[in-house]
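Just so you know, all these numbers are worked out from the coordinates, no wet-lab data involved. What you see is a predicted model, and the numbers here were worked out from it, not measured in a lab. Glycine also receives a Cβ, built like all others from the backbone with ideal geometry; neighbour counts cover every protein chain displayed.
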Protein chains: 2
Amino acid sequence: MSNIVPKGWEKEIAQRETRVAEALRQAGADAILISGNANLYYITGRVIAGYVLVTAQGEVKHFVRRPVELEGDNVAYIRKPEQIAEMLGSVPGTLALEYDMSYADIMRLQAAFPGAKFVNGSAIMRSVRAVKTPFELDLIRRSGVSHAMSYKSIPHIFSEGMSDVELQVELEHRLRLDGCLGLFRISGQSMELFMGNILAGDNADNPAPYDFAMGGAGMDKSIPIGANGTIIKPGMTIMVDACGNFTGYMTDMSRSYKVGEVGELAERAHRCSVEICHKIAQTARPGVAAKDLVALAEATVAEAGLADYFMGHKQKAGFIGHGVGIEINELPVLSARSKDVLVEGNVIALEPKFVIPGVGAVGIENTYAITATGTECLTNMPEDLQQLM
Amino acid sequence: MSNIVPKGWEKEIAQRETRVAEALRQAGADAILISGNANLYYITGRVIAGYVLVTAQGEVKHFVRRPVELEGDNVAYIRKPEQIAEMLGSVPGTLALEYDMSYADIMRLQAAFPGAKFVNGSAIMRSVRAVKTPFELDLIRRSGVSHAMSYKSIPHIFSEGMSDVELQVELEHRLRLDGCLGLFRISGQSMELFMGNILAGDNADNPAPYDFAMGGAGMDKSIPIGANGTIIKPGMTIMVDACGNFTGYMTDMSRSYKVGEVGELAERAHRCSVEICHKIAQTARPGVAAKDLVALAEATVAEAGLADYFMGHKQKAGFIGHGVGIEINELPVLSARSKDVLVEGNVIALEPKFVIPGVGAVGIENTYAITATGTECLTNMPEDLQQLM
């Protein structure tokens, strides 16, 4: 009797364990000890407080602190990580640990496995998770459907005189009613986001502390990102970029809206963004280098004479797209210096956006799966600069 | 011309810098290099991508990667942390680094300061932040007022036939409309929460992966906490425990509700929780040991014969209260093994709760400031087990 892997996930989890074991062999590691929530969710189908050991031979052991009532041949309850080495009976020669976890935690784990050599398990898990299984793709696809459905409410929840933050709160409400789980998983400790952002007018040009094309000043210096209370008025564009985590696996999607007339430059930049997405969607396939897609985007922007506004104005982002799955910032990275090469099963969010001073942000963001022969768009809804009022 | 510290925060930040310098001297450290968002917010009044160096002599330097456009005599832009030692000209003898930050980041910083001795800066900052300034207290007080105001909507947003998650989404909406910033800052990487939880009926007894008295199964295994879709029905209690981050500094508050009659045991346990809060509010003052307050709570519970249900039923939490401020889990900790002793300026959330099988969770949670002579409750609203329907 085992209940640690959720019902219906058994085959999938077995397949993931095999993938991790394979990655360990490729990295020359004998085992990995997983303790970060995103990786725990990946390798068990649930989040626990504890550790999962996967060996290069594909053996798996769960060392659980909480919750109570989990069972299985490979489930053992522990109070502290020091018990793990003891329970294993032997220490792996080379043990991968998640170097994205805290220094305090990793130092403690290293001390608990005397004599072992340690390698970076975060990098190993990141490379495994960059290639989605059909099961994962289906969860992302389902998020995409709900994500688009929620966005379709935007013209209906908007009313004249609203501020950006009021529109954002109503969209958050809509997303949650439609089943969005709310939590926005981000790898690393530097970025903090709530449910995503709505940027109206010139607030898009307020630089963020993150590597974002557009920031927004936020409502408080403690969370200096996103809506800042701007009243939405004619002549402004509004960029909506909210989290689509409906299934534990998320899509990333942005759509832009306009109020009244916003001028030729904004309209042209928006069309350029859509064009870049379409070009990349037609070009991307297994074997294509991420940086070549960035070059394609930049060439299209240069040809349109829009480089000053591309990926930010006062402050520019260093990428035009990123992998997405359990977390919003997975591999591959679509930046000029990226060494990533696309493979089947990658899921990428592509966000070639522009900030037009005095008007606001324009452009779109879609999430695409890399298929055997090309791409599949997972965030399907109209891409034009939609009239909000 | 300096704009890195927000207007009106200059004196306050200077005072905090002095406190950190003092703590460094006490810890025998020459300087601390801060890079975690919560500590960056504490020491600058804003979140940046970068580092703030504070020396034991009270000198402060800001090394900023993003956002652009920050200025000041002590502001320098960097691309990478390796530039810091170079810009300083000399390496501090003993440098405190936040050991709660990732292993990868801390190893990189250690390599960038060759010859330095390193100590745990997270512990230093945690001890400084445990004692709030009057300025911080005021921000927490303001969160408490809004927090209570939002909770007062609960009977109005509830309607017959609602599920726990529907009530939760409506409360989240209310909180956001009332100015809640949404983001729920938690120290460490293990706990993931959205905006807090509503637990109805027996879902409260579903154990969480966290050290919580009550968990809830959640709507998805990827976020196994909180509401699980339970339809709220007569005979159930409903525990509301949502985040009160309205100012960057939060309050923690829970209230319980009942539908119809819920039985003598639940009513009695609820009254016991209120009694414990009042007893502790009357007992707590500077110099009192946290563990003595826990003993007081446990004695009250034992006398009432409610130990089986106290702080959880299937799974029990290891604490009855915790410090709160920028993050939800600050010092002091109110656990049986805590060595913390209360001082003026501590802000504690006290949550002596019960889980009654077949009924649900009861009890309250308040946030209190420790004053020179006692306590000040910062979450003021009726504490009885309120009738929802």
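What is the stretch A:246-318 by shape, rounded, prolate or oblate, if you read a ≥ b ≥ c off the alpha carbon gyration tensor as root eigenvalues and call it rounded for a/c under 1.5, prolate for a/b larger than b/c, and oblate otherwise?
Working: a/c = 1.85, a/b = 1.23, b/c = 1.50.
Verdict is oblate for the stretch A:246-318.
Taking a point 7 Å out from Cα toward Cβ as the label site, list the nm distances between B:Lys7 and the same residue in every other copy, smallest first.
6.0
Sort the protein assembly as shown into rounded, prolate or oblate with this rule: let a ≥ b ≥ c be the square roots of the eigenvalues of the Cα gyration tensor; rounded if a/c is under 1.5, and if a/c is not under 1.5, prolate when a/b is larger than b/c, oblate otherwise.
rounded
For chain A, what is the charge dipole size about the Cα centre, in debye to the nearest 20, if Lys and Arg each add +1 at the Cβ and Asp and Glu each add -1 at the Cβ?
720 debye
Excluding B:Thr230 itself, calculate the net charge of residues whose Cβ lies under 14 Å from the Cβ of B:Thr230, where each Lys or Arg counts +1 and each Asp or Glu counts -1. Intermediate values should be presented prior to the final figure.
Numbers: positive: B:Lys233; negative: B:Asp164, B:Glu166, B:Asp202, B:Asp205.
Result for the neighbourhood of B:Thr230: -3.
Quick one: which residues, 5+ away or cross-chain, put their amide H under 5 Å from the amide H of A:Gly226? H built at 1.01 Å from N.
Those qualifying (amide H under 5 Å, at least 5 residues apart or on another chain) are A:Gly216, A:Ala217, A:Gly218.
Only counting other Cβ atoms within 10 Å, I'd like A:Ile232, A:Ile32 sorted with the fewest neighbours first.
Values: A:Ile232 24, A:Ile32 30.
Lowest count first: A:Ile232, A:Ile32.
Please list, ordered by chain and number, the residues whose modelled amide H lies under 5 Å from the amide H of A:Ile186; skip anything fewer than 5 residues away on the same chain.
A:Ile328
With 10 angstrom as the radius, rank B:Thr94, A:Thr237 by how many other C-beta atoms surround their C-beta, starting from the fewest.
Least to most surrounded, the residues fall as B:Thr94, A:Thr237.
Just counting partner chain Cβ atoms within 10 Å, what average do the residues of peptide A:218-229 show around their Cβ?
6
How shielded is B:48-57 by partner chains, expressed as the average number of their Cβ atoms within 10 Å of its Cβ atoms?
Per residue, the average neighbour count from other chains is 1.
Simple spin-label model, 7 Å along Cα-to-Cβ: A:Arg268 to A:Ile157 in nm?
Calculated label separation equals 3.4 nm.
Of the listed peptides A:306-317, B:301-312, A:252-263, what is their order by residue-averaged count of other C-beta atoms within 10 Å, with the highest listed first?
Order by mean packing, descending: A:252-263, A:306-317, B:301-312.
Mind checking the mean number of beta-carbon atoms from other chains within 10 Å of the Cβ atoms in B:190-199?
The per-residue average across the peptide is 4.
Using unit Cβ charges (K, R positive; D, E negative) and no other charged atoms, how large, in debye to the nearest 20, is the dipole of the stretch A:174-258 about its Cα centre?
Here the size comes out at about 280 debye.
How far is helix A:264-283 tilted off the main Cα axis of chain A, in degrees rounded to 10, range 0 to 90?
40 degrees
Among A:Phe158, A:Ala85, A:Ala111, flag the residue with its Cα farthest along the positive direction of the charge dipole of the stretch A:78-159, charges on Cβ as +1 for Lys/Arg and -1 for Asp/Glu.
A:Phe158
Could you state the angle between the C-alpha long axis of helix B:290-303 and the longest principal axis of the C-alpha atoms of chain B, as a value from 0 to 90 degrees rounded to the nearest 10?
So the helix axis and the longest Cα principal axis differ by about 10 degrees.
In this model, which of A:Lys11/B:Lys221; B:Lys11/B:Lys61; B:Lys152/B:Lys221 are farther than 27 Å apart at the alpha-carbon?
As for pairs spanning more than 27 Å Cα to Cα, those are B:Lys152/B:Lys221.
Go through the stretch B:58-75 residue by residue and turn each phi into a ³J(HN,Hα) via Karplus (6.51, -1.76, 1.60, θ = phi - 60°); whole Hz please, and just put x for glycine and proline.
Once rounded to whole Hz, the list reads x, 6, 10, 10, 9, 10, 10, 9, 8, x, 5, 6, 8, 9, x, 4, 9, 10.
Can you list residues from other chains, or at least 5 along the same chain, whose modelled amide H is less than 5 Å from the amide H of A:Ala349?
The answer is A:His322, A:Gly323, A:Val324, A:Tyr368.
Counting alpha carbon pairs within less than 8 Å and at least 6 residues apart, what relative contact order, in whole percent, applies to chain A?
Once divided by the residue count of chain A, the mean separation gives 15 percent.
Compute, for the stretch A:233-295, the length of the dipole vector about the Cα centre, with Cβ point charges of +1 (Lys, Arg) and -1 (Asp, Glu) only. Units Debye, rounded to 20.
The calculated dipole for the stretch A:233-295 is roughly 80 debye.
To make sure I understand the rule: partners must be lysines, Cα under 22 Å from the Cα of A:Lys339, and not fewer than 8 residues away in the same chain. Which ones qualify?
A:Lys132, A:Lys279, A:Lys291, A:Lys316, B:Lys80
Can you give the local net charge around B:Lys339? Use residues other than it whose beta-carbon is closer than 15 angstrom to its beta-carbon, Lys and Arg +1, Asp and Glu -1.
+1
For chain A, what is the mean residue ellipticity at 222 nm derived from helices alone (per DSSP H run of n ≥ 4: -39500 (n - 2.57); sum divided by total residues; nearest 500 deg cm²/dmol)?
Values: 10 runs with 123 residues, N = 389.
The helix contribution divided over chain A gives -10000 deg cm²/dmol.
Under 11 Å from the Cβ of A:Asn366, count the other residues' Cβ atoms, weight Lys and Arg +1, Asp and Glu -1, and hand me the total.
Computed value for this residue: -4.
Treat the count of other C-beta atoms within 10 Å as a stand-in for reagent exposure and order B:Cys243, B:Cys377 from fewest to most.
B:Cys377, B:Cys243
Along the stretch A:196-208, what does the Karplus equation 6.51 cos²θ - 1.76 cosθ + 1.60 (θ = phi - 60°) give for ³J(HN,Hα), rounded to whole Hz, x for Gly and Pro?
These are the phi-based 3J(HN,Hα) values: x, 9, 10, 10, 10, x, 5, 4, 4, 8, 6, x, 9 Hz.
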